[in-house]
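All remarks here apply to the structure that follows.
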Amino acid sequence: MTFSTPNGTRGGRQPKNSALYRWFQNRQINKLRRKGGKVLGQSGLVLTTVCSKTGQARATPVMWFPGEDGS
């Protein structure tokens, strides 16, 4: 796979999310942590990653799809 980005642009900072998007995302995270369950009708989970530079934990709600064996 190749990328056609100019040198120095990979890994740049992304624009801040809007307040509405952050509110919705936090609402989904809280719902999944309390009850587990579904995001937009699909199985969901909260993916937590830790930034290597700052050590700050970041949570993101994601959908997952079971494999062929059901797990």
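The values are calculated or read from the model by the stated rules, or taken from the named source; none is laboratory data. Remember, predicted model here, so these are calculated numbers, not experimental data. All Cβ positions, even for glycine, are placed from backbone atoms using ideal geometry, and neighbour counts span all protein chains on display. With ligands, DNA and RNA removed, areas are computed over all heavy atoms of the protein, side chains included. Shrake-Rupley method; radii C 1.70, N 1.55, O 1.52, S 1.80 Å.
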Subset of region 17-47 (residues that are farther than 20 Å from A57 by Cβ, open to solvent by 90 Å² or more (accessible area, probe 1.4 Å) and at pLDDT 85 or above): L20
Answer from G55, G12 - the residue that is loosely packed, with under 10 Cβ neighbours inside 10 Å and at pLDDT 85 or above: G55
Every pair of residues 6+ apart whose Cβ atoms lie under 7 Å, when the first sits in region 48-68 and is under 20 Å from G36 (Cα atoms) while the second is acidic (D, E): none
